[in-house]
């Protein structure tokens, strides 16, 4: 067993992990953060996407020991004071989800996409979210959601 220490959603956590334990299972089983979903264990679907030191990462491909010392953000860390994050709100308003299983990973990947791109047209969003699969929506409402949130997140009123 190895001791790790990481900050998750602004809170410092320590835990003992087996060297082979995936980060997604540490988050879900040891920290109780079940918003990060397990969809494939092979990095194909993106349901487990989180932010690691501000960058999107698929937590089913990271060992928990690799995250030692990292700053992690999960879907649970986005809402503030009972208010949804602009991406969460946009997904709700634009019907960017159906079953919701992929939604946490889509939102986390979208955060990274918005942070690293100034202007996002439909194609940019589709390419940027290529590693995140949705089996329900057809993606158009996801694209609209990301574009709406990007606009809101960049507007002077949101800063």
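Observations, loosely collected:
- Test: residue in segment 58-73 that is under 16 Å from residue 129 (Cβ atoms), crowded, with 16+ Cβ neighbours inside 10 Å and either at pLDDT below 95 or in contact with a strand residue (DSSP E or B) (Cβ under 8 Å, 6 or more places away or on another chain) (or both): yes
- Only listed residue being closer than 30 Å to residue 19 by Cα and outside the structural domain of residue 38 (by TED's automatic domain parsing), chosen from 141, 132: 132
- Within segment 1-21, the residues that satisfy the criterion of being assigned to a loop (DSSP other than H, G, I, E, B) and under 21 Å from the mean Cα position of the chain (by Cα) are 9, 10, 21.
- Residue 82 being at pLDDT below 95, closer than 22 Å to residue 23 by Cβ and out of contact with any helix residue (DSSP H, G or I) (no Cβ under 6 Å at 6 or more places or on another chain): no
- Residue within segment 22-30 that is assigned to a loop (DSSP other than H, G, I, E, B) and either under 26 Å from residue 134 (Cβ atoms) or in contact with a strand residue (DSSP E or B) (Cβ under 8 Å, 6 or more places away or on another chain) (or both) present: no
- Being surrounded by 14 or more Cβ atoms within 10 Å (Cβ to Cβ), modelled with pLDDT under 95, closer than 18 Å to residue 144 by Cα and touching a helix residue (DSSP H, G or I) at 6+ places or on another chain (Cβ under 9 Å) is a description that applies to residue 97.
- Filter result for the condition that a residue is under 20 Å from residue 55 (Cα atoms) and in contact (Cβ under 8 Å) with a residue 60 or more places away in the chain, over 79, 109, 150: 109
The values are calculated or read from the model by the stated rules, or taken from the named source; none is laboratory data. Nothing here was measured: the structure is a model prediction, and the numbers come from that model. Here the Cβ is made from the backbone with ideal geometry for all residues, glycine too, and neighbour counts use every protein chain on show.
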